[in-house]
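Everything on this sheet refers to the single structure shown next.
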Amino acid sequence: MTTAMRAARREAPGPKALRVALVRDGAILEERVLRNVPVFVGTAESNTLVATGEGVPARFELFRPMGESYALRVGEAVHGRVAVDGQAIPLDALRSRGELALGRSGRGKLVLGSLTVLFQLVDPPPAPVRPQLPAATRGAFRAGIDWLFTAFVVFSYMSFFGFIVYLEDRDWEIETGIARIPDFVVRPVFGEPEPPPPDAPDAAEPTAEGEPDEPAEPSPRRVEVAERS
């Protein structure tokens, strides 16, 4: 065995991850790689692995974290084969203990009713690296500035600010007197008064033309007769 092969088979330090898959009728229903979390299997929606079928419990904790590895919980409904550190261990001999520590290389095949569970302890996958652009494509801060738009914004701000300062400092002349009053106020206040109502008619009766009769002058003949007598 070469040095490269020995290095490839050397186990990586650190906690192990649990690779588990659900199989039914030769088809994989679900496969996941879990780290330091309990694994529940059953028909309930709150389980880690959800599956339906005959003989599948509603909720059963199949694996639980133990240090840097996992432990297998053995129940009455669990059957199958398990290998730890290259040694096969029958599950029937573990029912009285209730669980089995899987070490750092445990693997096996379990049967829960019509559902088959395959598991294996593996090295955890590396954490995903956030993609970054090369430094040449990122450029400097000033390279991404639109100088034409920046100049337009600065000029607009200075113009508005200067106009406001001009209005604040301007000493406007204040008009006094009647010229200061708007026209819509002057009209009702200083408008011409309404004419008075017409006087009552005279006691004299009006004539045919609508005028009162004038007193008649004495006849000259009657005056002369009166003098002679």
Please sort 49-56, 93-100 by packing, taking for each peptide the average over its residues of neighbouring beta carbons within 10 angstrom, highest first.
49-56, 93-100
Could you give the nm distance between label points at Ser46 and Val122, where each point is 7 Å from its Cα heading toward the beta carbon?
3.0
Give me the net charge of Phe119's neighbourhood, meaning all other residues with Cβ under 10 Å from the Cβ of Phe119; Lys, Arg count +1, Asp, Glu -1.
+3
If each K or R counts +1 and each D or E counts -1, the residues other than Ala83 whose Cβ falls under 14 Å of its Cβ total +3
Sequence gap at least 6, Cα distance under 8 Å: using those rules, report the relative contact order of the stretch 16-159 to the nearest whole percent.
23
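Where a number appears in this text, it was derived from the coordinates with a stated rule and is not lab data. Fair warning: this is a prediction, and the values are worked out from it, not measured in the lab. A quick note on method: Cβ atoms are made from the backbone with ideal geometry, for glycine too, and the neighbour counts reach across all protein chains shown.
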